[in-house]
Structure formats: structure tokens, C-alpha cells
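K.L.:
Have a look at this one.
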Amino acid sequence: MQLSIDQKDIEKFLMVGDRVLIKPKNPQNQTRSGLYLPPTVQESDKIQSGYIIKTGPGYPLPSQVEESEVWKKKTEENVQYLPLQAHEGDLAIYLQSAGYEIKFNDESYIIIPHSAILMLIRDEGLFE
């Protein structure tokens, strides 16, 4: 499934829960021996890689407050999250089948759950 989004700024995107927004790396279109691969072969790969653009807040944790009187109206909901391992700028190796492709400013992005990430490569000096 592919979705096209008309928006001007990717900073306005908010990822929900354990979802991660990934910019896929350009796939290999040649084998080591020099044969060119058709797009259908590239798309059928089960494992892909890409850079993490945005991450969600994490997994929501249940409330730890004991309710003495359930009928009372709650004044404030304080939601806590278990943070994700993935950070913006990491290179992620992920399962292609778990993702949903979106188009934004004529570029492809993939939204995947954090559980579909198999490995992260973090280079602290990459953006310095």
C-alpha cells in the first residue's frame, strides 16, 4: 500500500507509539558480477536498510497509580512510555514486509513498528 502526503515540513510529523519513519537507502541495482537487477527483484528482498528520520515515544506503560475510588473523575492523565532503542540518524536493518510506504515531496519513506527492526548501526560522529 502506498500513500501520498501533501505537506511542506516533515518536522510536523508525529510518530505514534512504537512506530518509526525510515528513509530507505538506494537499493543495489547490480550484482557483484555486474548483472543489472530488475525492480521486482529489489522489491522482493525480505530485508532492507534505511536511515531513521523520526521515532515515536515508545511503548505505553500501564498506570501505576492505585485508584481508591474508581467512580471519581480523573483530573490528569499522565502517560508514561518505555523508550525505543532506535534514534534519529541510525541505520536500521528491517523487515520489508512489516512496512507501509508513503510518498512525501516525491521521496519514499517507510513506516514500520519497532519490532520489525532487526539491527541498528549507530555512528555518533556521522552528523558532527
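K.L.:
Quick check on D45: is it touching a helix residue (DSSP H, G or I) at 6+ places or on another chain (Cβ under 7 Å), charged (D, E, K, R) and modelled with pLDDT of 85 or more?
P.N.:
No; evaluated as a whole, the condition is false for this residue.
K.L.:
Look at D106 and say whether it is free of Cβ contacts under 8 Å to residues at least 24 places away in the same chain and either exposed (fewer than 13 other Cβ atoms within 10 Å of the Cβ) or under 11 Å from the mean Cα position of the chain (by Cα) (or both).
P.N.:
yes
K.L.:
Looking at this structure, is T31 hydroxyl-bearing (S, T, Y), modelled with pLDDT under 85 and open to solvent by 60 Å² or more (accessible area, probe 1.4 Å)? First the steps, then the outcome.
P.N.:
Values: hydroxyl-bearing (S, T, Y): yes; modelled with pLDDT under 85: yes; open to solvent by 60 Å² or more (accessible area, probe 1.4 Å): no.
Taking the combined requirement at face value, the residue does not satisfy it.
K.L.:
Do you know which residues across the stretch 78-97 are closer than 18 Å to G17 by Cα and open to solvent by 30 Å² or more (accessible area, probe 1.4 Å)?
P.N.:
N78, V79, Q80, Y81, L82, P83, Q85, H87, E88
The values are calculated or read from the model by the stated rules, or taken from the named source; none is laboratory data. The shown structure was predicted, so the numbers you read here are calculated from the model rather than taken from an experiment. Backbone-built Cβ (ideal geometry, glycine too); neighbour counts: all protein chains shown. Calculation scope for accessible area: heavy atoms of the full protein, side chains included, ligands and nucleic acids excluded. Shrake-Rupley method; radii C 1.70, N 1.55, O 1.52, S 1.80 Å.
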